[in-house]
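As structure tokens, the structure follows; a few thoughts come after it.
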Amino acid sequence: GTAPLFSAERMAQRREDIIDDVAQAAMALAEKRFGGLIVLQREVGLNEYMEIGTRLDARVSRELIESVFQPHSLMHDGALVIQRGRVTAVRCLLPLSTNPKLKKSWGTRHRAAIGVTEETDAVAIVVSEQEGTVVLVVGGNVTENIDGTRLRTALRELMRS
């Protein structure tokens, strides 16, 4: 064939599929009140945060994300990292924000999401098991109680390249 293997149209469709899978997984986890932390790399690399995690090279799918964060999964603690359209690591330890103005009710997942987005340009999604809600974090700024539609819209905007 004459078409390139990875056309711009194909890459854009794959990005849309990833965004949909991430958003669907986050909403499903929230509904079940299973906690989770998903980090999407943009320009700044995240390899230093993956050193203590478990390396993977897997296609992003709703099923994979949900299975990682099942309460009895050996991989549910820490962050799941997505780089260049692939799940590249799970159980990753992220830097915790030291901002003294954060809500007292926010736990380690929230503080880790804020911390990694303060230090990099990554996008983080936190699913709170206590509240059954989804939070989007970008640049240390938190958008609470985000629904699936708003999450998809925000991710589409944030992940354009």
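The values are calculated or read from the model by the stated rules, or taken from the named source; none is laboratory data. The model shown is predicted, which means the values in this text are computed figures rather than measured ones. Reconstructed Cβ throughout: ideal geometry from the backbone, glycine too, with neighbour counts over all protein chains shown. Only protein heavy atoms, including side chains, enter the accessible area calculation; ligands, DNA and RNA are left aside. Shrake-Rupley method; radii C 1.70, N 1.55, O 1.52, S 1.80 Å.
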Only listed residue being more than 13 Å from the chain's Cα centre (by Cα) and in contact (Cβ under 8 Å) with a residue 60 or more places away in the chain, chosen from 108, 54, 98, 120: 120
Cβ-Cβ under 8 Å pairs, at least 6 apart or on other chains, segment 64-90 side within 20 Å of residue 115 (Cβ to Cβ), far side buried (at least 18 other Cβ atoms within 10 Å of the Cβ) and of a type in the set (Ser, Thr, Tyr): 79/49; 81/49; 81/88; 82/88
Residues (crowded, with 20+ Cβ neighbours inside 10 Å and modelled with pLDDT under 95) located in segment 63-85: 78
Inter-residue pairs, beta-carbon under 9 Å, first within 23 Å of residue 137 (Cα to Cα) and in segment 11-24, second open to solvent by less than 40 Å² (accessible area, probe 1.4 Å) and modelled with pLDDT under 95, 6+ apart: 14/85; 15/85; 15/159; 18/85; 18/159; 19/159
Residue list for segment 56-88, restricted to those being at positive phi and basic (Lys, Arg): 84
Of residues in segment 24-41 being out of contact with any Lys or Arg (no Cβ under 8 Å at 6 or more places or on another chain) and over 18 Å from residue 147 (Cβ atoms), the one surrounded by the most Cβ atoms within 10 Å (Cβ to Cβ): 39
So residue 97, is it among the small types (Gly, Ala, Ser), surrounded by 16 or more Cβ atoms within 10 Å (Cβ to Cβ) and in a loop (DSSP other than H, G, I, E, B): yes
In segment 47-57, the residues that are open to solvent by 40 Å² or more (accessible area, probe 1.4 Å) and either part of a loop (DSSP other than H, G, I, E, B) or among the aromatic types (Phe, Trp, Tyr) (or both): 51, 52
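Suppose we filter 60, 44 for residues that are open to solvent by less than 60 Å² (accessible area, probe 1.4 Å) and out of contact with any Pro (no Cβ under 8 Å at 6 or more places or on another chain); which single one remains? Talk me through it step by step, then tell me what you get.
Working: 44 fails: open to solvent by less than 60 Å² (accessible area, probe 1.4 Å).
After applying the criteria, what remains is 60.
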Single residue of segment 102-145 satisfying the filter (of a type in the set (A, V, I, L, M) and part of a loop (DSSP other than H, G, I, E, B)) that is modelled with the lowest pLDDT: 102
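When residues of segment 15-49 are filtered for being in contact with a Ser or Thr (Cβ under 7 Å, 6 or more places away or on another chain), more than 13 Å from residue 127 (Cβ to Cβ) and of a type outside the set (D, E, K, R), how many remain? Reasoning before the result, please.
Filtering segment 15-49 for residues in contact with a Ser or Thr (Cβ under 7 Å, 6 or more places away or on another chain) gives 21, 30, 35, 44, 46.
Next, from what is left, pick out any that are more than 13 Å from residue 127 (Cβ to Cβ): 21, 44, 46.
Now restrict to residues that are of a type outside the set (D, E, K, R): 44, 46.
Qualifying residue count for the region: 2.
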Candidates 17, 21 - the one that is modelled with pLDDT under 95 and either surrounded by 14 or more Cβ atoms within 10 Å (Cβ to Cβ) or not in a loop (DSSP other than H, G, I, E, B) (or both): 17
